[in-house]
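Written below as structure tokens is the structure these notes are about.
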Amino acid sequence: MGVFRLNKNLEQQAEAIFQSILSNAVTTVNLGEIADVKGGKRLPKGVNLIDIQNTHPYIRVRDLNNVLFASLTPDYAYVDEETQKSISRYIVSTGDVLISIVGTIGLTAIVDSTLDKANLTENCVKVTNLKHITPEYLLLYLRSQLGREAITKGTVGAVQQKLPIKNIQAIPIPLLSEKDKNTLLCTLDSIFAEISINVIQSAKLSSLRDTLLPRLMSGELDVSDIDL
């Protein structure tokens, strides 16, 4: 089974487990009461992203398509050193939950370790400093029917739709009893850990392939003497 299919199956398991216990919620709070919601940053006027890899990747809305984790891939773009200095306050940390708020609204992902301290577009927000819930819990809720309905309700604008920060802060989040929460999180932790490992390993293998294949094709790398 390929990594994508394997992770999709694991994700579906997590969603099913989450849905089965969500009806046991004992109270509801607004997201802004249990987390900080902070915006990204537009690039300075006249500045463009670059393809040359450095230590300053820039997370765009497109990078959240069809992913559970925001994880560094060869498709990412970067900002140069000088630009980084001017937008260095608008970075993400491992475990932040990202939400797209302009364009394709409501895409979500958890930042993994490969994008710790990466830059964030102004078309997304990060939800950070979570209390009482984990990033995995929040992600699954935002992707549930109730979460999607809350995002749709908070979206405004006729010409260009947008999901304002204040409306994200007002999203109602159901909370479980300590017993139910601990039972759920124990299960989710193991599932998401496996998914994260698969994502990172797959990215490493893809990077290795992209590095070695041109050398093999050009003859720079000779494997004829390898005894298989």
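Residues of region 62-105 with the amide nitrogen closer than 13 Å to a label point 7 Å from the Cα of Glu33, along Cα-to-Cβ, please.
So the set is empty, nothing qualifies.
Show Ile21, Ile195 ordered by accessible area, largest first, where the area counts protein heavy atoms only and the probe is 1.4 Å.
My answer, sorted largest first, is Ile21, Ile195.
Need one word for region 1-58: rounded, prolate or oblate. Basis is the Cα gyration tensor (sqrt eigenvalues a ≥ b ≥ c); a/c below 1.5 gives rounded, then a/b vs b/c decides.
Since a/c reaches 1.5 but b/c is at least a/b, the shape of region 1-58 is classed as oblate.
If you add up the charges near Lys131, with Lys and Arg at +1 and Asp and Glu at -1, over every other residue whose beta carbon is less than 11 angstrom from its beta carbon, what do you get?
-2
Taking a ≥ b ≥ c as the square roots of the eigenvalues of the Cα gyration tensor of region 141-181, is the shape rounded (a/c under 1.5), prolate (a/b larger than b/c) or oblate?
It comes out prolate by the Cα gyration axes.
Probe radius 1.4 Å, ligands and nucleic acids left out: which of Thr27, Thr108, Thr55 has the largest accessible area, and how do the rest follow?
Reading off the accessible areas and sorting them downward yields Thr55, Thr27, Thr108.
Return an integer: the convex hull volume of the alpha-carbon atoms of the chain, in Å³ per residue.
So the per-residue hull volume is 154 Å³.
Keeping every protein chain present and rolling a 1.4 Å probe, give me the accessible area per residue for the chain in Å².
56
With every protein chain present, what accessible area does Ser177 have (1.4 Å probe, heavy atoms only), rounded to the nearest 10 Å²?
Only protein atoms counted, so the area is about 40 Å².
In terms of the Cα gyration tensor, with a ≥ b ≥ c the square roots of its eigenvalues, is region 29-73 rounded because a/c is under 1.5, prolate because a/b exceeds b/c, or oblate?
Oblate, because a/c is 1.5 or more while a/b does not exceed b/c.
Quick one: Debye curve from the C-alpha atoms of region 1-131, no solvent, what's log10 I(q)/I(0) at q = 0.12, 0.13, 0.18, 0.19 Å⁻¹?
-0.53, -0.61, -1.05, -1.13
At a 1.4 Å probe, what is the % contribution of carbon and sulfur to the accessible area of the chain?
So the carbon and sulfur contribution to the accessible surface is 52 percent.
The values are calculated or read from the model by the stated rules, or taken from the named source; none is laboratory data. All values reported here derive from a predicted model rather than from experimental measurement. Neighbour counts are summed over all protein chains in view; Cβ atoms, including those assigned to glycine, are modelled from backbone coordinates with ideal geometry. The area values use the complete protein model at the heavy-atom level, side chains included, leaving out ligands, DNA and RNA. Shrake-Rupley method; radii C 1.70, N 1.55, O 1.52, S 1.80 Å.
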